[in-house]
Amino acid sequence: IVFLNQNKINVMIMRKTALYYNDVFLEHLVPIGHPENKNRMRFILDKIKKSDLKGLKINSAKPANYNILRLGHSDKYLNWLDRLKPREEIIKIDQDTFMSKKSLHAAKIGVGCVIGAIDSILEMQNKNAFCLIRPPGHHAEREKAMGFCFLNNIAIGAKYLKEIKQIDKIAIVDFDVHHGNGTQNILWNDPDCLFISIHQSNLFPFTGLENETGNKNNILNIPVNANSNSFEFRYIVDKFVIPRLKEFQPKFLLISAGFDGEKNDQMSQTQWVESDFIYLTKKLKNLAKKYCDNRIVSCLEGGYHLEKLASCCVSHIKSLME
């Protein structure tokens, strides 16, 4: 858009929301019946197509390189992952986490999507971004794969912003119904990274107590009881999440967007609904407008009721696009 003002020409670039995705995410295979399967991507992509999200830019990314991955994980752990190399079989990492031939490649591209999204926003190509990726990442600790996760996309993104892009205040809001133990583990000692998690208590991975505040008081865990409803969710957003973010005044906002707290999801007992996720997204957008120059990268974590996942995910994207 070009504005004429007293013989000067001012150009304003209308930045939009970007979607990061790659078909390799469909090639991360898990045993039959596993909840974190490729149908999650298919349902979301189909819902996006039917929703006709005009102006949504779809992007891909290259796999994150070793130096990027080691921002969040140890050399020992990364070398162990690389040595696994399953062929046609699906190997078991733990009770919940499985690796197939393309799993690690998909995980590295997932991290690459987050890094690409961050770069596009810092370079003012996009306003904000949503990374439609799998496997998810927020349970992956510095030296441990667990909970369907191998590489911690969002924590690596935070470290990339701090250590490579020299941004000194990064906030991460995680509303997946399971505690982001991996993100907490990686950011535990980092006062420049504020991690806020809303999650159901006494649920996998059985971490995220209120007294887990980080070595620098940079972690805010908000465990809720089973059957937590919309009123409680929105009260938490207004009375705890947003005030803590305002106090911190982040320069970039990252979101671990898990939709498994939706009342129909089989993985939890919370009674949250689609409009609650919209409510939080809009609140975070308003905060980002004030403190972050609108800079948000959101990354898919959980959500296993296929229809509700797709609907909530698209509503979250629409809220980012508004």
Quiz prompt | ILE91 accessible area, 1.4 Å probe, all protein chains in place, Å² to nearest 10 | solution = 40 Å²
Quiz prompt | Packing-based ranking, highest mean first, of 131-144, 278-291 given that Cβ atoms within 10 Å are counted | solution = 131-144, 278-291
Quiz item: Can you list the HN-Hα couplings for segment 120-132, worked out from phi with the Karplus curve (6.51, -1.76, 1.60; θ = phi - 60°), rounded to whole Hz and with x for Gly and Pro?
Solution: 5, 6, 5, 8, 6, 7, 10, 7, 8, 8, 10, 9, 8
Quiz item: For the charge dipole of the chain, defined by +1 on Lys and Arg C-beta atoms and -1 on Asp and Glu C-beta atoms about the Cα centroid, which residue among ALA140, ILE93, ALA171 has the Cα displaced farthest towards the positive pole?
Solution: ALA171
Exercise. Order PHE248, PHE240, most accessible first, counting only protein heavy atoms with a 1.4 angstrom probe.
Key: PHE240, PHE248
Exercise. Enter the Cα centre distance for the pair segment 24-43 and segment 123-146, rounded to the nearest angstrom.
Key: 17 Å
Quiz prompt | ³J(HN,Hα) computed for each position of segment 101-109 - Karplus, 6.51 cos²θ - 1.76 cosθ + 1.60, integer Hz, glycine/proline x | solution = 4, 9, 4, 5, 4, 4, 5, 5, 5
Quiz item: Picking from LYS159, LYS216, LYS38, which is most flexible by a Gaussian network model of the chain using Cα springs under 10 Å?
Solution: LYS216
Quiz item: Please state the Cα pair-distance histogram of segment 182-318 with 10 angstrom bins from zero: what percent is in each bin?
Solution: 12, 42, 38, 7, 0
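LEU84 to LYS165: extension gain in nm, 0.36 nm per residue of separation minus the Cα-Cα distance?
So the chain would gain 26.0 nm between LEU84 and LYS165.
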Quiz prompt | Simple Cβ-charge dipole of segment 247-322, Lys/Arg +1 and Asp/Glu -1, about Cα centre, in debye nearest 20 | solution = 440 debye
Quiz item: Round to a whole number: what % of the accessible area of segment 116-196 belongs to carbon and sulfur, probe 1.4 Å?
Solution: 42 percent
Self-check item: Share of pairwise Cα separations in segment 133-213, more than 22 Å, in percent
Solution: 19 percent
Exercise. Hey, can you grab everything whose amide H is under 5 Å from the amide H of LEU220? Only 5+ residues off in sequence or another chain; H modelled, so Pro and N-termini drop out.
Key: PHE195, ILE196, SER197
Quiz item: Which entry in (1) 35; (2) 39; (3) 31 matches percent of Cα pairs over 29 Å apart derived from the coordinates of this structure?
Solution: (3)
Quiz item: Relative contact order for the chain: what is it in percent, counting Cα pairs under 8 Å that are at least 6 residues apart?
Solution: 18 percent
Quiz item: Using +1 on the beta carbon of Lys and Arg, -1 on that of Asp and Glu, and nothing else charged, what's the dipole of the chain about the Cα centre, debye to 20?
Solution: 1120 debye
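Starting with the highest mean, order 81-89, 185-193 by the number of other Cβ atoms within 10 Å, averaged over the residues of each peptide.
Top of the packing list down: 185-193, 81-89.
With only Lys, Arg, Asp and Glu charged, each at its Cβ (+1 for the first two, -1 for the last two), find how big the charge dipole of segment 234-277 is about the Cα centre; round to the nearest 20 debye.
Result for segment 234-277 is approximately 320 debye, rounded to the nearest 20.
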Quiz item: Which value, in Å² rounded to 10, gives the accessible area of VAL30 with a 1.4 Å probe and all protein chains present?
Solution: 30 Å²
Quiz item: How big is the antiparallel share of DSSP beta bridges in segment 1-142, given as a percent to the nearest 5?
Solution: 45 percent
Quiz prompt | Accessible area per residue, Å², the chain with all protein chains present, probe 1.4 Å | solution = 44 Å²
Quiz item: What order do you get for 145-158, 223-236 when each peptide is scored by the mean count of other beta carbon atoms within 10 Å, highest first?
Solution: 145-158, 223-236
Practice problem: Go through LYS16/LYS49; LYS49/LYS239; LYS85/LYS108; LYS54/LYS239 and tell me which ones have a Cα-Cα distance over 26 Å in this structure. | Solution: LYS49/LYS239; LYS54/LYS239
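I'd like to know how segment 113-261 sits against the 2.2 N^0.38 Å rule of thumb: what's its Cα Rg over that expected value?
Numbers: Rg = 14.6 Å, N = 149, 2.2 N^0.38 = 14.7 Å.
Working it through for segment 113-261, the quotient is 0.99.
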Quiz item: How much of the DSSP beta bridge set in the chain is antiparallel, as a percent to the nearest 5?
Solution: 20 percent
Practice problem: Any chance you could check the Cα centroid distance between segment 95-109 and segment 199-253 for me, in angstrom? | Solution: 29 Å
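Taking a 1.4 Å probe, which of GLU274, GLU301, GLU307, GLU210 shows the most accessible area, and what order do the others take after it? Intermediate results must be reported in sequence, preceding the final value.
Values: GLU274 55, GLU301 0, GLU307 105, GLU210 130 Å².
Largest accessible area first, the residues go GLU210, GLU307, GLU274, GLU301.
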Practice problem: Tell me the label-point distance for the pair ASN189, ASN264, using the 7 Å Cα-to-Cβ offset, in nm and rounded to one decimal. | Solution: 4.6 nm
Quiz item: For the chain, with the dipole built from +1 on Lys and Arg beta-carbon atoms and -1 on Asp and Glu ones, taken about the Cα centre, which of GLN266, HIS34, LEU78 lies farthest toward the positive end?
Solution: LEU78
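The values are calculated or read from the model by the stated rules, or taken from the named source; none is laboratory data. Nothing here was measured: the structure is a model prediction, and the numbers come from that model. Every residue, glycine as well, gets a Cβ built from its backbone with ideal geometry; the counts of neighbours run over all protein chains shown. Keep in mind that these areas ignore ligands, DNA and RNA; they rest on the heavy atoms of the full protein, side chains included. Shrake-Rupley method; radii C 1.70, N 1.55, O 1.52, S 1.80 Å.
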